[in-house]
1. Do you know which residues across region B:4-21 are farther than 11 Å from B:Leu100 by Cβ, at the interface with chain A (Cβ under 7 Å from one of its Cβ atoms) and under 26 Å from the mean Cα position of the chain (by Cα)?
2. Hey, does region C:156-175 have a residue that's surrounded by 24 or more Cβ atoms within 10 Å (Cβ to Cβ), in contact with a helix residue (DSSP H, G or I) (Cβ under 7 Å, 6 or more places away or on another chain), hydroxyl-bearing (Ser, Thr, Tyr) and within 14 Å of another protein chain (Cβ to nearest Cβ)?
3. Considering only residues that are within 8 Å of chain A (Cβ to nearest Cβ) and surrounded by 24 or more Cβ atoms within 10 Å (Cβ to Cβ), which ones fall in region C:272-283?
4. Is it true that some residue in region A:319-338 is farther than 23 Å from A:Gln432 by Cα and of a type in the set (A, V, I, L, M)?
5. Please identify the pairs in which a residue from region C:109-120 that is at positive phi has its Cβ atom under 9 Å from the Cβ atom of a residue that is surrounded by fewer than 22 Cβ atoms within 10 Å (Cβ to Cβ) and hydrophobic (A, V, I, L, M, F, W, C), counting only partners at least 6 apart or on another chain.
6. Out of (1) more than 9 Å from chain A (Cβ to nearest Cβ); (2) under 25 Å from A:Ala243 (Cα atoms); (3) touching a residue at least 60 places away in the same chain (Cβ under 8 Å), what's the single condition that is false for B:Ile131?
7. Using the structure shown, decide if A:Val178 is more than 10 Å from every other protein chain (Cβ to nearest Cβ), among the β-branched types (Val, Ile, Thr) and either crowded, with 24+ Cβ neighbours inside 10 Å or out of contact with any helix residue (DSSP H, G or I) (no Cβ under 6 Å at 6 or more places or on another chain) (or both).
Amino acid sequence: MHSPAAKVSGYIVLMIVQIIFLVLFWLFVRYEKAAMPPALGAEDAGSANEHVSKYPQFQDIQVMIFIGFGFLMTFLRKYGYSATGFTLFMASLVVQWSVLMKGFLHMEGGKISLSLESIIDADIAAAVPLISMGALLGRTTPIQLLCMSIFEVALFAANEYLALNVLSICDCGGSITVHAFGAYFGLAVAMMLRPASDQNEAGKHEGANYTSDILAMIGTTFLWVYWPSFNSVLAAGTGGERAILNTFLSLAAATVTTFVVSALVSHENKLDMVHVQNSTLAGGVAVGTVCNLLLGAHGAVLIGIIAGTVSVLGYRYLTPWLTSNLRLHDTCGVHNLHGMPALISAIASAIYASMASLDDYQSELQDIFPAMVGNNATATKFMGGLGRNASSQAGYQLFGIALTLLIAIGGGILTGTVLKYTSFRNLKKDEQHQDEQYWEVPPLDNKEEYELEKVEELLL
Amino acid sequence: MHSPAAKVSGYIVLMIVQIIFLVLFWLFVRYEKAAMPPALGAEDAGSANEHVSKYPQFQDIQVMIFIGFGFLMTFLRKYGYSATGFTLFMASLVVQWSVLMKGFLHMEGGKISLSLESIIDADIAAAVPLISMGALLGRTTPIQLLCMSIFEVALFAANEYLALNVLSICDCGGSITVHAFGAYFGLAVAMMLRPASDQNEAGKHEGANYTSDILAMIGTTFLWVYWPSFNSVLAAGTGGERAILNTFLSLAAATVTTFVVSALVSHENKLDMVHVQNSTLAGGVAVGTVCNLLLGAHGAVLIGIIAGTVSVLGYRYLTPWLTSNLRLHDTCGVHNLHGMPALISAIASAIYASMASLDDYQSELQDIFPAMVGNNATATKFMGGLGRNASSQAGYQLFGIALTLLIAIGGGILTGTVLKYTSFRNLKKDEQHQDEQYWEVPPLDNKEEYELEKVEELLL
Amino acid sequence: MHSPAAKVSGYIVLMIVQIIFLVLFWLFVRYEKAAMPPALGAEDAGSANEHVSKYPQFQDIQVMIFIGFGFLMTFLRKYGYSATGFTLFMASLVVQWSVLMKGFLHMEGGKISLSLESIIDADIAAAVPLISMGALLGRTTPIQLLCMSIFEVALFAANEYLALNVLSICDCGGSITVHAFGAYFGLAVAMMLRPASDQNEAGKHEGANYTSDILAMIGTTFLWVYWPSFNSVLAAGTGGERAILNTFLSLAAATVTTFVVSALVSHENKLDMVHVQNSTLAGGVAVGTVCNLLLGAHGAVLIGIIAGTVSVLGYRYLTPWLTSNLRLHDTCGVHNLHGMPALISAIASAIYASMASLDDYQSELQDIFPAMVGNNATATKFMGGLGRNASSQAGYQLFGIALTLLIAIGGGILTGTVLKYTSFRNLKKDEQHQDEQYWEVPPLDNKEEYELEKVEELLL
């Protein structure tokens, strides 16, 4: 049924995609002007440095995408090669595709300008299909991931353009456009790929062991420490520092809350590693959309407390319910880490937008809520603008998340349908959640052998 | 004897603490002025960036606290969930508490100013109870850690204020105020919690295995590479670069020395992973207080050699002696990694202070030894100052470490007494050094099962 | 045959080396002027910061050297203590030696100037013997590594001086001077240490297990994400941004290609972790020498595709051939990760140099190809220069790699001869690829015991 030929053709498609990227880069992509040698006599020492001042934050985001996501997913005891390897593969694919896709939406003179900002955007875009992969972890082939990534990132770029450039919503840390989109797209795909109604028991290979749970903490912790960079990298002006401070405090509060709620709702009041690995990060998602606003430290901490609570309760009660009632299987619980916290963030953004005023935001109103420039209260201060008032902006924030959900779920259903009903191979139940289908795995764990040898030596 | 109800009430106390933090943030904490949107017309592009120029170093310190400490403590083979999880939990608790505590000591107009510097200070403060936790690793409940952290960080903030602002000692990398304080506080708590005299044998769950020892190297190595950021982040002027260079060289020399001394004193001249995991870092502690002084490369290297030697000898001879003679159990050997190297640093600071002169430090004397401004030699150059001379400054350095030891040990004894003799639950001998008391642990390591399956397959 | 006394004397030699370093630091090394306190009245706020603006990139490189190399080599299931520990030891030794060696080549007034740049250079130099160690992994004693490092780094510094300062080749990311040098030096040593012709079967301890393969991915991934810092840290002007962009794209393309080629050539079309751990990084090496040139995105992607392909094919076909036909054993396959990709980079540099013109590089020609300044086309624009034309520069690029290979292989043969035929102890076949010879290893993996206990509990 599943011949090697199917695998081979899948990888050949992947090579063709890479070569198409090469051609598109050649045809359309050029270094931005600031990355080109200045004309003789026009040198301006120092400006080069200024231009890449976000490089350290870019590097933090690189670690989040490649190490953070990759290792967070190693919690499955038999799926560690795939978790780290497919993260590397998908991110490498998507960053190229994102440079092209986002570039096409902002071409100048028929060319795409390549800059540090392009690759920051590309890393952020890579987060989207990696979040979706979390929902599907262990249940897709690499070729299904390839297909999903290509389609999802194109839709993501379009939705982000609509939300930020057309609807003019604020979403500094990307909770709406990145986290909600990735989570609900992935869940919609998972819904389409759900097992037949008589195969709903857990896969026999699914589950963590002691070492894999600790390896996953590498991912968790790097995501935790660098999350302020993710949320602040696109903030302008003093919003950058607020984004750092708010994200840091929200994460800290979510973490403390996670420990409390996990112990209170778990069996024998013992802490659950799944909660510690994931819900501690919910504070970073929930503060994302509003991280550059004037939340105050208490606002950030409150959002963190709510996010930690909702996320743990989601893992404890909602996920099992979805699995048993809707057969909707969410391997990493992305609904609890990315989905619901992103909804909290969207709601918070509507609340804070409804209170936004020129008095508070002063010269930065234009950066943060550009559509509010030109309303009755602000008309005399700035040129142009749509003249939206605060409640109207709040409404647009809600419209933004609604539209995102619509596009993500619609796109996910469509993608899932393609993956399920066309010629793609689907993994069978007992092929899931283990590396052996697609990786050379050591035939017998040699470490055991080693131990046995040592036992024998000791006995002699 | 130990009912779930006790656990539940502990976690409820923790939630109450988090909510008290929320209220205090709301009442007292405000963004610093530079993190507020500038008034219309008063925009000053670029200044925002300048203001957060220490952000990359902050991120390095984040990695040290959350990854470095967390993974360094995973060396215990059955305590990896706690090592990584409780590090996340305690650091998240302490950073909030530190913003408040340190804020109360520097309020302006009844408000605490929240800035990047606040959270850099908060991360540094988080190191203090994490060091103490190292001494106690595996022998405390989460609620004991909570209680210890709250009390210790308050004392730490007071002691630091006394040492730096009242005594005017130099302590750029915090070896006196952070490392010595954390280590001796933790040892004093350990002394109070020591086992009855007939239970002094090692706990049956204590010890490393092959994988846990390698996981611990993640912690070691990240602490190693980012230590220059920890030591230099608070240095002013050109002292920043000296702090980087001195810390780097001291670490390198301590590492080489650790390998030599470890091999020379160990059984069969084999290297000991405990030494490599810990004593290699002693160079970072021992150079801490003096890292921004004019040590010269040779000074830094010499300090590293001494620190590496003392630390390995401490692990090899002193720790076992303390355990068997004083029943003082120091799980991670923080006395050898933080305690004694910090004493070395304090002594070095007295020596270098006794040689400090205006001729050498020029315009930076004011930053480094502010109390020396105004003495006979310097009176004509600077306004104000206490007019301390060099030997007097050296005496103050020694006074600073003595006061720190006094407060740390006194506070530790008091805290230990509270933890032992009040209603806190104490772990029994065979409950120690293992996760099962407080964590859901996989009932049987599924990896084994997996291997067994594969063996069976091979046999068929 | 192998007495502890031999070990002891080895470690004593190491201590003597460390003390000689101390003396040389004392005699010759001084802080650079910018790291000294400015004279009273001459303070220039802000310049200190400017001066260490490469500090974040330095920290990225620190992670690459200590974490990246260290963990990449943990893939051997019984050699993890050595992989992480000896990396720490060798890097600590070499950074000191590099400050001295490179310093002696650029002394001013009989003194070596110590600066952030010195330790950036030192970290880069540390990569060289670590690459060589990869070829020899598991087959040398620590004392052999010490001896090799000292000799190799001295030769490396001399070769780099010849290539960059005398031949004036471009080598921004160090593929020629660092990667090719380290790889071929290591292979030459391996050739000299090769087993007798009747002992060519694989060592019984060699090989990965499931956990060690995932630990190695920590190394791979950190090398991947920080490689743009390695390649760009020494780039001047706008070349820095180009180096970042080109390296990023080349890595991404090499990664995608690695997955394709690995699946196509491997047994049952399953992915091979060795390829994923190593060949994904070949894009970073292959773009190294040319990373700051005007490759365009398509140039970078094309180089990545070629590098990924060549590297996987090397692992699949060339390495086994070298082992069985030449008895040349290359444990980590550095020839495929560093050697051949560096040759690709050298060839690419000749091609791009042959097309370089003043029209393209404008004011940066002087930085990138300083010897081309003063030729017919450029004479009127710049003062001085050797007046090389583009094809001549291309020839020098090829001469540069040829000279590097000559010195590396010659030096490696010499070093290998010394290591083999003088009084150094050589590891016997069954002592190789395992930690026990030089490390205290837990007598029985206690984790097993733990599992057994739990099984017993379950049975009761």
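1. Passing the criteria: B:Tyr11, B:Leu14, B:Met15, B:Gln18.
2. Among the residues of region C:156-175, not one is surrounded by 24 or more Cβ atoms within 10 Å (Cβ to Cβ), in contact with a helix residue (DSSP H, G or I) (Cβ under 7 Å, 6 or more places away or on another chain), hydroxyl-bearing (Ser, Thr, Tyr) and within 14 Å of another protein chain (Cβ to nearest Cβ), which makes the answer no.
3. Within region C:272-283, the first condition is being within 8 Å of chain A (Cβ to nearest Cβ), and the residues that meet it are C:272-273, C:276, C:280.
Selection gives C:Met273, C:Val276, C:Thr280.
4. no
5. C:Gly110/C:Phe28
6. With (1) more than 9 Å from chain A (Cβ to nearest Cβ); (2) under 25 Å from A:Ala243 (Cα atoms); (3) touching a residue at least 60 places away in the same chain (Cβ under 8 Å) applied to B:Ile131, the lone miss is (2).
7. Working: more than 10 Å from every other protein chain (Cβ to nearest Cβ): yes; among the β-branched types (Val, Ile, Thr): yes; either crowded, with 24+ Cβ neighbours inside 10 Å or out of contact with any helix residue (DSSP H, G or I) (no Cβ under 6 Å at 6 or more places or on another chain) (or both): yes.
Yes: the conditions hold for A:Val178.
Conditions tested, residue by residue: (1) modelled with pLDDT of 90 or more; (2) outside any helix (DSSP H, G or I).
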residue	(1), (2)
C:Leu328	yes, yes
C:Leu337	yes, no
C:Pro341	yes, no
C:Asn375	no, yes
C:Gly387	no, yes
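The values are calculated or read from the model by the stated rules, or taken from the named source; none is laboratory data. It should be emphasised that the depicted structure is a prediction, and the values quoted were computed from it without experimental measurement. Please note: Cβ atoms are built from the backbone with ideal geometry, for glycine as well, and neighbour counts cover all protein chains shown.
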